[in-house]
Every structure is written in structure tokens, then in C-alpha cells.
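Written out below as C-alpha cells is the structure these notes cover.
The values are calculated or read from the model by the stated rules, or taken from the named source; none is laboratory data. Small disclaimer: the values here were computed from a predicted structure and weren't measured. When we count neighbours, we look across all protein chains shown, and the Cβ atoms used for this are built from the backbone with ideal geometry, even at glycine. All accessible areas refer to the heavy atoms of the entire protein, side chains included, with ligands and DNA or RNA removed. Shrake-Rupley method; radii C 1.70, N 1.55, O 1.52, S 1.80 Å.
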Amino acid sequence: MAELDRVREALRASMTAWATLEVRGDQARVIPAPDPDALAAHLERVDPQWGLAWACDSVQPPVVRARLTLHGTAREGLATAHTLNDAKLAALADAARTWGVAPAGDSAWVEYDQEDGANTTDLDADAPIAAAAAPRPAPPEPPRDPQMEKARRHIEDLLEQLKVAGRGGDAARILMRGYGETLDESRAIYKELQALLKG
């Protein structure tokens, strides 16, 4: 029992990062997550044989699995987020939750800038989120463009074909920048993927 308490204390102490789960216009929904560097430092003292493994289940939308092994016991977390890096942090937060460490409160909405990312400076990972800097209410869902949805489906169908053909990794590199913000960008990405399937 003392070991589990030390593990939980180490996980709590490393909860200094923020994962951006989604972005709507100039706002982002964030959750506290363990900082991998801080986590490594804390867990090294608890269990020198600890381990952390990542698996990318999907590039777009970004879905990542984190497997955290401590004292011979492995527990997994799974998360989707705005970027692959954010999905890694969110998956690590989910893995911490399986060890009994969860952030106090739910996610928070904060200002978001395309260049600087989510503004979490007014949030405190140690304090309950509900009490931290009065987070903003969720912005309304943006209207969906039926043509963009159709383009996304076409890209996803082509991605499945590429996975079957053993070219999933090559396709993932193309899709690192997403499916495109405009219809023309989506068409260009589709053509790149199509050329990959033919080549």
C-alpha cells in the first residue's frame, strides 16, 4: 500500500502540463496532464524499472495510447486531442487516472492563439479547475460544411486502403498536417494519398 501511495504522489507532483483537447475558434478546452520530464524524475525515485510506452492509434483525429508500468504492473490510458503531442499528454493523464490520480475538476476553456497555443497561465494544475480563473463557457460548435465532411470521408476511405496495402506509415506522414482547412487543401491531400496508393 505504501508503494501505491508513493506512485500516486509522484504522479500528482508531475501534473504540471496542459493538454489541449479541442479548439473552437479562439478558445481551447484543456486538461491538466503529467509533464513527461517531471514524471520521469519523480518515478525514477519510486521505481527505477518504471516504463512508459506510446502507441498512435490514429493520426487524424489524433488518438494515442499510453502504457505506464510501475512495480511490474502496467496500466493504459487512451485519449484523443487537438494534436498528436496533446493526445500523448491526455493519454498519460488518462493512465494516471487508472492509478487513482485525477485532476480536481473537469476540463477548462481558455483563450487560444494559433501561434502560441492555449493560454493556461491563469490556470493552476494543483487547484480545482472550477475555482481557477473562472474558465469560459464552451463556445458554440462551428457550422459543418457538407463538402468538407464529404472530403474527409473520402480521405478516410483512402487511408483505410493505404493501411491494407501496408502504406499506413507513409500516409500518416502526409496527414500530420491534418485533412486540410479548405476544400482545395483537402483535394490536394487526397491526390497525394492517391499517388501513394498507385506508387
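Values computed for the structure shown
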item: Approximate shape of segment 1-121 as ellipsoid semi-axes (Cα gyration tensor, √5λ), whole Å, largest first; result: 26, 15, 11
item: Under 5 Å, built H, 5+ apart or other chain: amide partners of Asp57; result: Val63, Val64, Arg65
item: Karplus (6.51, -1.76, 1.60) ³J(HN,Hα), θ = phi - 60°, over segment 78-91, in Hz, Gly and Pro reported as x; result: 9, 8, 10, 8, 5, 10, 4, 5, 5, 5, 4, 5, 5, 5
item: The chain, helix-only ellipticity at 222 nm - DSSP H runs n ≥ 4, -39,500 (n - 2.57), divided by all residues, nearest 500; result: -13000 deg cm²/dmol
item: Packing-based order for 33-41, 89-97, 152-160, using average beta carbon neighbours within 10 Å, highest first; result: 89-97, 33-41, 152-160
item: Amide H partners (placed H, <5 Å) of Ala118, local residues excluded; result: Asp113
item: Length-normalised contact order of segment 146-198 in % [C-alpha pairs under 8 Å, at least 6 apart]; result: 46
item: Heavy-atom accessible surface of the chain: percent carbon and sulfur, 1.4 Å; result: 49
item: Residue order for Lys191, Lys163, Lys198 - accessible surface, 1.4 angstrom probe, largest first; result: Lys198, Lys191, Lys163
item: Dipole in debye (nearest 20) - the chain, about Cα centre, beta carbon charges: Lys, Arg +1; Asp, Glu -1; result: 800
item: Proximal lysines to Lys150, defined as alpha-carbon separation beneath 26 angstrom and excluding residues fewer than eight positions away on the same chain; result: Lys163, Lys191, Lys198
